[in-house]
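The values are calculated or read from the model by the stated rules, or taken from the named source; none is laboratory data. Note that this is a predicted model, so its numbers are computed, not measured. Here Cβ is always computed from backbone atoms with ideal geometry, including for glycine, and neighbour counts include all displayed protein chains. Each accessible area value is taken on the protein alone, full model and side chains, heavy atoms only, with ligands, DNA and RNA left out. Shrake-Rupley method; radii C 1.70, N 1.55, O 1.52, S 1.80 Å.
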Amino acid sequence: MPFKKLSIKEILKQSDDKPQERSLTFQVSKEKIDEDNRTVELSFSSETPGRTWFGWEILDHKSSSVRLGRLNDGAPVGWLHFSGDVRGVVQKAWIDAARGRAVVRFGKSAAAEELFQDVKDGIKRNISVVFQRYKMVLEKEEEGEEPVYRTVDWEPLAVDFVPIAEDATVGVGRNKQVKENNEKENKENRTMEKCQICGKELVNGVCPDGCAAKAKDALASKSVATVTINEKEVSEKARKAEQTRVSEIMTIGKQHNCALLAEKAIAEGATREAFQETVLKEVYKAKPINTTADKEEGIPEKDARAFSISDAIKSILAGTWEKGGREKEMSDQVAKLVGREPGSFFIPYSVMLHKRDIFDSSGNAGAGSIATNLLVGSFIEALRKRTMVMQMGATVLPGLVGDVAIPKQTASVTVQWKAESVAADRSRPKIEQLAMTPKTITGYSDISRKLLKQSSMAVEPFVQNDLIRAIRAAIDLAALNGAGSSTEPEGILKTSGIGAVVSSGTLTWQHCVDLWTAVADEDADFGALGYLTNAFVIGKLMTTDKATNAAKFIVENLPDINGMTALGGQRCGVSNQVPKTIDTNHTALIYGNWADLIIGMWGGLDVLVDPYSQSSTGAVRIVVHQDIDTLIRHAESFSASQDIATV
């Protein structure tokens, strides 16, 4: 009986709300298992054809065909699909040699530990991937044979261990040789089945009355759905899709003066998205931003989580790293990376990024000792929450390495109305590069020696909070009012081209509206919008009427615990790093899209332990150095009134 097919549209429609799954058996070599970090590298997919309810399917493994975002965002690794039994996460996923590969990390629960041990012992080797189809093409079609489709846009959603795999080879259980092996195995293991023609029991898969041929047809008709496919419709859709792909790539090539690259991309079957990446790399020489985290891969996560700032400080004061060996080793690694020695020690960026587990023990060593664990929040996350410009929505690029160029479009494509058959005038966006280079900010905190004598659990949160306080003030000041020299970033108030509103000393509701208007007139009133000023101005606005006899103040509520209130229905942050001494006796109110303020942070923290400056008071001064730079991507995104009188 000939195989009747579904259209691609019908296949995708029936697959739309039901994630698919495919399984494989993988072989684990010892070098792919990292017992310290509890990770295993494995293959979860390949281009081996797999039998489906609509024919044979090949999952395309070009980098542009596989959406790896969910896997790389920490997709779950479980035991059985849709069971909710999560045993770990996907730590990293990539495409290599037409295969999907991943590093999975197991949790520390009893169930996760059991699965990890079984994987190490080679007992549980079957992997199944849950995925979603988005786009398919007909790969091969022969009369009387099941069609072969290639899925050219698909997304793996989860990777799970299962008891039984479809396939016993690396892949997703989909190749003709395996099909033949499975059929042979099924025949060898088949015991007694009913003949589909006469109803008699089969012996080793054969009807004793010679109904084998008829039984084969009957079985085929039972296992294959009777559906139809509109070949003309499928062909027409494929033709239109190809025309669209070619047209879009050629248009991009013309806009960016790279027609030869466009022709090559078309010939190679590249998608529009893949060609856009090629243009960025080849025409505009765009490079991915390197981060310190990429260079610090030698620092295991468990060591980063166990790093103790207070232990490092104590070691410096004691003159020996006997109790801070881990911290010394990681600091030395950063020193080698950045090519210089620290003041006293470095706090690696990977340490600042992770939450940290600080341990303390009470009692004597041995079975009677009690270990207590304290989870200290991520340094970077805490810094974001407490630095006002970051709270307002500034774009933060932490852990940078080397100079960084940020693209800025300075001329847009011209949109025109033209009569039919009249060609549009050529226009091309103009792209400039804005450079960011590291500049060092310094802050310090004085900590008593008595406090440092306490346990790590007592000291660690206090020390971290003090270091954050020292850094956040410096970042706010630089981002808002930095002078813009070779050693100091340029702040918003010093940036040429931002909108200017003159208040003539007295700020009114009209001036607040004018600040918004200055940004909106430039079509920049979107994103992380809000006002920012200091406590002095907020105090004035809380006692200034919106209008005569309005019985309503411009600002009606005191700032909350995060330093936020509202002005004109929009956010208004309060930071005393907004200077009160512009032109001696004037201060400022700023409005804008804070996402266009970019803050780059290079490497980790350089910490200097100074036991001398405050020795007479019994305190130790902790000085921190952080390399940062700030950049206003579009000056039009900000406006300010800088002549508000303070006297």
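Looking at the structure I just gave you, is residue 565 part of a strand (DSSP E or B), in contact with a Pro (Cβ under 6 Å, 6 or more places away or on another chain) and under 17 Å from residue 529 (Cβ atoms)?
Yes.
Identify, from the list 108, 140, 124, the residue that is under 18 Å from residue 160 (Cα atoms), among the basic types (Lys, Arg) and exposed (fewer than 15 other Cβ atoms within 10 Å of the Cβ).
108
Checking residue 87 against (1) open to solvent by 50 Å² or more (accessible area, probe 1.4 Å); (2) farther than 30 Å from residue 270 by Cβ: exactly one of these is not met. Which one?
Result: residue 87 passes all but (1).
Just to verify a result, which residue in region 221-268, among those that are open to solvent by 60 Å² or more (accessible area, probe 1.4 Å) and of a type in the set (Val, Ile, Thr), is modelled with the lowest pLDDT?
Checking each candidate, the answer is 226.
Within region 480-490, is even one residue touching a strand residue (DSSP E or B) at 6+ places or on another chain (Cβ under 6 Å) and part of a helix (DSSP H, G or I)?
Taking every residue of region 480-490 in turn, none turns out to be touching a strand residue (DSSP E or B) at 6+ places or on another chain (Cβ under 6 Å) and part of a helix (DSSP H, G or I).
For residues in region 482-501 being surrounded by fewer than 21 Cβ atoms within 10 Å (Cβ to Cβ) and more than 22 Å from residue 522 (Cβ to Cβ), which is modelled with the lowest pLDDT? Walk me through how you get there before you give the answer.
Within region 482-501, the subset surrounded by fewer than 21 Cβ atoms within 10 Å (Cβ to Cβ) is 483-488, 490, 493-497, 500.
Going one step further and asking which of them are more than 22 Å from residue 522 (Cβ to Cβ), we end up with 483, 485-488.
On the way: 483: 87, 485: 84, 486: 81, 487: 85, 488: 88.
Across region 482-501, the extreme among qualifying residues is 486.
For residues in region 308-346 being of a type in the set (Lys, Arg) and in a helix (DSSP H, G or I), which is farthest from residue 402 (Cα to Cα)?
314
Restricted to region 10-69, and to residues that are touching a Phe, Trp or Tyr at 6+ places or on another chain (Cβ under 9 Å) and of a type in the set (Asp, Glu), which residue is modelled with the lowest pLDDT?
Checking each candidate, the answer is 21.
Can you tell me which condition residue 523 does not meet? The list is (1) acidic (Asp, Glu); (2) at positive phi; (3) buried (at least 18 other Cβ atoms within 10 Å of the Cβ), and all the others hold.
Only one criterion is unmet by residue 523, namely (3).
Quick check on this structure: which one of 583, 560, 545 is on the phi > 0 side of the Ramachandran plot, open to solvent by 20 Å² or more (accessible area, probe 1.4 Å) and of a type outside the set (Lys, Arg)?
When all the criteria are applied, what remains is 583.
Could you look through region 53-109, keep only residues that are charged (D, E, K, R) and not in a strand (DSSP E or B), and pick out the one that is nearest to the chain's Cα centre (by Cα)?
Checked region 53-109; the qualifying residue nearest to the chain's Cα centre (by Cα) is 73.
Just to be sure I understand, how many residues within region 604-617 are within 14 Å of residue 450 (Cα to Cα) and in contact with a strand residue (DSSP E or B) (Cβ under 6 Å, 6 or more places away or on another chain)?
Here the count works out to 2.
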